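Quick note: the coordinates plus some simple rules give every number you see, no bench work behind them. Source: prediction; values computed, not measured. Here Cβ is always computed from backbone atoms with ideal geometry, including for glycine, and neighbour counts include all displayed protein chains.
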Amino acid sequence: MQQLIKIMMTSPSKWNKKWLSQSIVCLGGLLLSSVVLAVDAQPQIVPAPLWYSYALLSLLLIFLGIVLYYLYLYAHPLVVNLSANAKELLTLPMSTLPKAYHLLQRTRRLDSVLSKSAVPHKSLEEALQFVNMSPATRAEILATRLGAQVEEMSAGLFALQLPDSFPLNFEHSLLYFPNADLTDAEITAFLRQHATNQKVLIVSVDNTQVAALRSNGENTLWIVPDSRELSELLLSPKPTSVLVRLLVNQLKVTQISPYQTGGGVNKDTIFFGRTQMLAQIMNNEPANYFLLGGQQLGKSSILKRLNRYYRDSSTVICHYIALSNDNLHDRLAAELGLACDSDWTTLLTHLVKLSQRQWRLVLIDDADSFIRAQTASGYPVLHQLRSLSEEEMCHFIFAGFWELSAAMALDYHSLLKNFGESLTVGALEEDACRQLATEPMALMNIRYASPELVEKLLKATGQRANLIAIVCHEMLRNLKPTQRVLAANDLEKALYSDAVRDALVGWGNLSDNDPQATQEKNLDRLIVYATVKAGKFGLKEVRAVLNAHSVSYTTEQLKQSLERLVLGFVIQRHGKSRYVYHIPLLREMILEDDVDALLAQEAGN
C-alpha cells in the first residue's frame, strides 16, 4: 500500500490531480483501517485523555445538578403558584404550609409572597407551630386574631366571647380543641355533656376527625373548619370575615341572624341611619336633650349608639341607665358603684368628681315614669340635675314618650322647658332602611330577587326600623336550607306573620293605665276607628264622626290625642291640618276588624 502511494506521488503526470487527491485520502483511510484491524499488528499505546476532558465532564454534571435544583425549587408548583398568586397561601392545607415555607425561603420569595398576601411573619410562624401547640395557646392565638376573650372551662374547652363589633349573632360561644385520638362519638358525647344548646367552634388538626364531625352539617350548632379554612383563619388579614363565612356556610341563618327585634340595637354593624341626630349631639357643645317617640321607634338604639361612641373617650364619662319605674336613684347609685342607701347629695357630688377637662353624660332610657313622678312632686331631683348641667360638668339625655312630651309641651311652668332640647325620633331614613334590609342579608350571602321587593318592604312598614328588622328576621326564619334568594312570596309571608302583628297590636295603648290615661286611650282609639277607612282625614272629619256618636271631648283633648298618635307613629301629618296613616300594614290590620262596631263600642264606654 505504501509502495502504491509512493508511485502515485512520484508520477503525478500520469494522474488527474483531482482524482489523485481524492485517491490519496481514500487510500489513507484504507491504510488506517488495515492498521487498526490487522490481526498481526503490534499493540498501540493509546494516550490518556487530557485534563480538560475531566473538567468538561464535571461542568456537565454541575450544570445538570443546577437544572435539577432549579426544577425542584423554582419550578415547583407551589413556588410557581404562590409567586403568581400570593393570596393562595391563605388557603393552603395546614399540612402543606411547612413545605411552602421551606420552598419560599430557599427561593428567597417568602418576603414577597407574605407582603403581597398581607400576612405578617408572626402569623405564619404561629400557623406553622399551631399543630404542636397546647389547646390553651391555640385558644389565645385565635382569640387575639378575632379580638375576642377566652376562658378555659375544662380540658380543651373554652368560653369564647367575641367583641361587640362582630356582625353576626355569635358573641357568646364555645371553642373546643379535641384530642386527635378521640373518635367523633366520644367528641359528640363530650359536647352533649358540656355544651348543650350552645354554639361551638371545633378546631381539629386531624383530617379524619374533621371529616367525621362536619358530616353533621346544619343539624348541629357546631362549626368545624377544615384544613384550608383553618389556615385562612390563622393567616388571613381579615379573620373576622373568614369566621363569618364559616358560620354562614355551616349554621342555619336563624342561629346567627344579626337582626335585633327588640331592646335596642347593641351593635354598630346593625345600626343604620340617624346621622343628623347623632351629629347634632356628638359634634356640638355638650348639652341636654330629650328624645321623644313611641315604643320601638329607635330611642334605645340611639342611646346605646351614643354609649358605644363615648365608651373609649378620655374626656367623656358616659353612663346608660334603662329605667323600669321611677326609681332613678337606685339605678344611678349602682351605675356609679355607690351603695343604694346613698342620698341624692352623695350621688350628685360623685357625678362631678372628674379629672380636668372631663365631663359626664348620663343617658336615661324609658324616663316617662320618672318624669311623671317628678312632675307630681315639683321636680325636686330635676332641679339638682339642671344645676349640675349649668356648671358644665354633667349633662343628661332623657328618652321617653308621652309623659316626657306632655311635661315639655303642655305644662307652661315645666322645668323641662329650659332644661334641654327636644329631638323627635320618627321614621328611619330611606337609605338607612335599604341598608338595614340588604346589608345584613348580603353578609349571609342572601339577596333579594329584585330591588322592587326592598321598596315594597320599606313602604309596607312605613320605614319603621324595628318592623323592617322583624320582617327580615322572619324571612330568614322561613328560609329553606339551601335557599339564598328571597322571592316575593317570602316577603309576603313575613309581612303578615304573627311576629309583625305582635309588634303592631300596641297601637291602642299609647298611654299608661291610670284613670286619665284610660280616657286618653279611649279617645285615641275613637279617632282611629273613625278615620281608618278613609285613610286620609282632617279635624273636620274627626269632629263629625265623634259628634255623630255623642262622644264627649274638648278641643284640647282632641289635639293632644292627635299629637299622641303622631308621636306614636300611628298617623303622620300630611299637609296643613291633614293626616294619613303612617304604616300601611297597621292600617290593613285594623281594617280586618269591624271598625264600625269597634267605634260604637268605644263611643259607649
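Counting 0.36 nm for each residue step from Gln384 to Ala487 and taking away their Cα separation leaves a gain of 31.4 nm. Remark on Cys318: its backbone amide H falls under 5 Å from those of Leu361, a criterion applied only to residues 5 or more positions apart or on other chains, H modelled at 1.01 Å from N. Suppose the Debye formula is applied to equal point scatterers at every Cα of the stretch 330-399; what is log10 I(q)/I(0) at q = 0.11, 0.22 Å⁻¹? Normalising to I(0) and taking log10 leaves -0.27, -1.12. The Rg/Rh ratio of the stretch 513-603, with Rg taken over Cα atoms and Rh as the Kirkwood radius over Cα pairs, comes to 0.93. Every helix of 4 or more DSSP H residues in the chain counts as -39500 (n - 2.57), and over all residues that averages to -16000 deg cm²/dmol at 222 nm. Phi-derived couplings, Karplus 6.51 cos²θ - 1.76 cosθ + 1.60 at θ = phi - 60°, listed residue by residue for the stretch 300-305: 5, 4, 5, 4, 5, 5 Hz, with x used for Gly and Pro.
A Förster radius of 30 Å, combined with the Cβ-Cβ distance separating Ala409 from Thr275, puts the computed FRET efficiency at roughly 0.70. By the rule of a C-alpha distance below 14 Å, with chain neighbours fewer than 8 residues away ignored, the aspartates and glutamates paired with Lys116 are Glu88.
The Kirkwood hydrodynamic radius of the stretch 63-190, based on inverse pair distances between different Cα atoms, is 17.2 Å.
The Cα center of the stretch 72-134 and the Cα center of the stretch 534-605 differ in position by 70 Å. When the alpha-carbon atoms of the chain are used, the pair Rg, Dmax equals 41.8, 159 angstrom. Fully extending the segment from Gln519 to Glu455 would add 19.2 nm, taking 0.36 nm per residue of separation and subtracting the current Cα-Cα distance.
Modelled spin labels at Asp226 and Glu563, positioned 7 Å past Cα toward Cβ, are 6.5 nm from each other. Ordered by the count of other Cβ atoms within 10 Å of each Cβ, fewest first, Lys252, Lys480 give Lys480, Lys252.
Ellipsoid semi-axes for the stretch 408-476, based on the Cα gyration tensor and the rule √(5λ), read 37, 11, 10 Å when sorted largest first.
Each peptide in 183-193, 95-105, 465-475 receives the mean, over its residues, of other Cβ atoms within 10 Å, and ordering these scores from highest gives 465-475, 95-105, 183-193.
Relative contact order of the stretch 513-603: 39 percent, from C-alpha pairs under 8 Å at least 6 residues apart in sequence. In the stretch 343-491, the convex hull through the Cα atoms has an average projected area of 13.2 nm², a quarter of its surface area. Taking all Cα pairs closer than 8 Å and separated by 6 or more residues, the relative contact order of the chain comes to 10 percent.
For the stretch 275-424, the relative contact order works out to 35 percent when only alpha carbon pairs closer than 8 Å and six or more residues apart are counted.
If R0 is taken as 60 Å, the Cβ-Cβ distance between Met153 and Thr555 corresponds to a FRET efficiency of 0.35. Distance from the C-alpha centroid of the stretch 211-259 to that of the stretch 300-351: 39 Å, rounded to the whole angstrom. Over the stretch 78-119, the pair-distance histogram of Cα-Cα distances with 10 Å bins from zero comes to 33, 64, 2 percent, rounded to whole numbers.
Rounded to two decimals, the Cα radius of gyration of the stretch 131-255 over 2.2 N^0.38 Å is 0.96. When the P(r) is computed for the stretch 275-424, the part past 23 Å accounts for 31% of the Cα-Cα pairs. The C-alpha atoms of the chain define a longest principal axis, and helix 451-461 lies at about 20 degrees to it.
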